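Asks: Just dropping this structure here.
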Amino acid sequence: MTALEALESVQYVTVKGKRFAIVIADEREAMIEWLETVEDVHIGKEAFSELKAAGGDRERAGWLKWDDVERVLCATHGAQHP
């Protein structure tokens, strides 16, 4: 099921003057995954725009070196940095 289909399947009910949306749990999960994907695409586009503006220089664009990221991840999770 696509996110659009999940949105189209929402049922509405009015209780004590308030309108509520009823969504099947699996369809809610599909919508969340879709929104996360949209957000990831937006972040990727921003990062590559910044890289292009920096003339392809990753450091100038603010990108981190993998070794630095790996060191932080290892420290955070108690693993040994290779």
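Throughout, read-outs are computed from the coordinates displayed, never taken from laboratory work. Bear in mind that the values here come from a model prediction, so they are computed numbers and not experimental data. Ideal geometry is used to build each Cβ from the backbone, glycine not excepted, and the neighbour counts take in all protein chains shown.
Asks: Go ahead and estimate [θ] at 222 nm for the chain from helices alone: -39,500 (n - 2.57) per DSSP H run with n ≥ 4, summed, over the residue count, rounded to 500. Can you show the working numbers first?
Replies: Numbers: 3 runs with 47 residues, N = 82.
Theoretical 222 nm ellipticity from helices: -19000 deg cm²/dmol.
Asks: For segment 25-82, rounded, prolate or oblate, judged on the Cα gyration tensor with a ≥ b ≥ c (square roots of eigenvalues), a/c < 1.5 rounded, else prolate if a/b > b/c?
Replies: On the way: a/c = 5.49, a/b = 1.22, b/c = 4.49.
It is oblate, given that a/c is not under 1.5 and a/b is not larger than b/c.
Asks: Further, regarding this structure: Does segment 1-48 classify as rounded, prolate or oblate by the C-alpha gyration tensor (a ≥ b ≥ c root eigenvalues; a/c under 1.5 gives rounded; else a/b over b/c gives prolate, otherwise oblate)?
Replies: prolate
Asks: How high is the relative contact order of the chain, given as a whole-number percent (alpha carbon pairs under 8 Å, six or more residues apart)? Display every interim value, and only then the final one.
Replies: Details: 43 pairs, mean separation 13.6, N = 82.
Computed over the chain, the figure is 17 percent.
Asks: Once the piece of chain linking ALA47 and ASP26 is laid out straight, how much longer is it, given 0.36 nm per residue of separation minus the C-alpha distance between them?
Replies: Numbers: separation 21, 0.36 × 21 = 7.56 nm, distance 3.17 nm.
Computed gain between ALA47 and ASP26 is 4.4 nm.
Asks: Counting other Cβ atoms within 10 Å, keep those with at most 16, restrict to DSSP loop, and tell me which chymotrypsin sites (Phe, Trp or Tyr not before Pro) in segment 3-64 are left. Walk me through the numbers on the way to the answer.
Replies: Numbers: sites: TYR12, PHE20, TRP34, PHE48, TRP63; in loops: TRP63.
The qualifying sites are TRP63.
Asks: Same structure again: Among LEU64, LEU51, LEU35, which one moves the most in a GNM of the chain with springs linking Cα atoms closer than 10 Å?
Replies: The residue that fluctuates most here is LEU64.
Asks: While we're on this one: Roughly what angle does helix 25-53 make with the longest principal axis of the chain, taking Cα atoms, 0 to 90 degrees, to the nearest 10?
Replies: On a 0 to 90 degree scale, this one is about 30.
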